[in-house]
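The values are calculated or read from the model by the stated rules, or taken from the named source; none is laboratory data. Note that the structure is a prediction, hence the values are computed from the model and not measured. Note that each Cβ is placed from the backbone with ideal geometry, even for glycine, and that neighbours are counted across all protein chains shown.
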Amino acid sequence: MSDYLYQTTSQYFGQLASGAEVCGEAELKELGATKINKGYLGFYFCADAKTIYNIVYKTRIFSRILAPLIAFDCHSEKYLYKTAQNIDWSDFLTLTKTFAITSNVADSNIRNSQYAGQILKDAIVDQFREKTTERPNVDTRFPDLQLNLYIHENKARISVDLGGGSLHKRGYRIESVEAPMQETLAATILQLSGWKGERPLFDPFCGSGTILCEAFMKAGNIPAAHLRQKFDFLRLPDFDATVWNQIKTKANNETIDVPEDVIKGSDVSADAIKAVRANRNALPEIGTIKARRSDFQSLEGFSNTTIVTNPPYGIRLGNTEEVAGLLKEFGDFLKQKCTGSTAFIYYGDKTLVKKLGLKPEWRHELRAGGLDGVLCKYELY
Ligand SMILES: C[S@@+](CC[C@H](N)C(=O)[O-])C[C@H]1O[C@@H](n2cnc3c(N)ncnc32)[C@H](O)[C@@H]1O
């Protein structure tokens, strides 16, 4: 077994969405990371085994946590192939295991991300073939080992993706609707709102209930990866099963009951409400999420409530003028029927902010899942 980069440096990289940096850095500190430094769309940080398992199990904000194996100057495809073969891939894979590679290349001699991933794949399978005449297979859907290749300005890094794929896939999304929000985005919005479970929370455009489910997980202190089936830190040569079991057991024992009537939502679509119930049922039985079918216009209104929501936006959901009209009506609803509450509205399209007719106290740009959106806070006096 060689000394891999994450072993000699104890350094890892966490990937997140643009705009989530403040929340991501605070979360890393809270989960015990040290020497946190900003990189492109993420943070480098140091952690021991206990801390890194803890981070992968609990992060709500990061989409990937990567353990670098090697980093090197890489000016050509040939050199990528040759250097990737310096890794003894039998430290991570056997012939019966499958693997997949996510690759990202920017501002480098190697231009094509997919092709770079292909070269890394060839280096891995050729190494096995030379030794055994057989090779492990690629499985892009359910790989045993998820690798990551990143090349920026001709500097390459090959890493193991410790969550075994994107961590936004929490495992509770049994049913969905059109334009669901990414779970990591919903978690970031909740973090920025400052809501901690003490005040009633309502989402009047709840769709499949991503904001509600993330609020439930947060209020119940449920580890974000509680339902996750696979973690690729298990494939690291120095994986410590005793430490991992201690971390998991401790985190699972720290869940708390979510009080009745705190997390609620509604949506005009019956399918959306069905999806919320299915998704809620996938989560641990430590409280309730109440969701009902209703047009927001028919709601009585709210006082002393944190409203967190993601109304329709024109790009994906039809007519922009129609959406503008709906937002104007929603603005009037907030003004007339929600005094004493606070609203956090995530607009999937920034140009829609002015349609609400209310002045935001602050705005925070957040890009995720192909959306170039903005979160605005409104104090409703
Ligand atoms: C952008 S989606 C919300 C997605 C949600 N955040 C999720 O993760 O699934 C907007 C939602 O607003 C709902 N909607 C549209 N018009 C509405 C209205 N007048 N009253 C209540 N809900 C409405 C749609 O059915 C849709 O589910």
- Task: Among the helices (runs of 4 or more DSSP H) lying completely within the range 177-258, list those that include at least 2 residues that are crowded, with 19+ Cβ neighbours inside 10 Å, within 16 Å of the ligand (Cβ to nearest atom) and not aliphatic (A, V, I, L, M).
- Result: 183-193, 210-219
- Task: For Ile124, indicate whether it is in contact with a Gly (Cβ under 6 Å, 6 or more places away or on another chain) and within 25 Å of Arg235 (Cα to Cα).
- Result: no
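Mind listing just one residue for me: the one in the range 138-176 that is basic (Lys, Arg) and more than 16 Å from the ligand (Cβ to nearest atom) and, of those, modelled with the lowest pLDDT?
Arg141
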- Note on the structure: Checked the range 52-88 for anything buried (at least 20 other Cβ atoms within 10 Å of the Cβ) and free of Cβ contacts under 8 Å to residues at least 60 places away in the same chain; matches are Ile55
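Yes/no matrix, rows are residues, columns are (1) hydrophobic (A, V, I, L, M, F, W, C); (2) outside the structural domain of Thr309 (by TED's automatic domain parsing):
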| position | (1), (2) |
| --- | --- |
| Arg199 | no, no |
| Asp203 | no, no |
| Ser208 | no, no |
| Leu212 | yes, no |
| Gln229 | no, yes |
| Leu234 | yes, yes |
| Ala241 | yes, yes |
| Thr249 | no, yes |
- Taking only the range 337-361 into account, find how many residues are more than 16 Å from the ligand (Cβ to nearest atom) and farther than 11 Å from Tyr378 by Cβ. 3
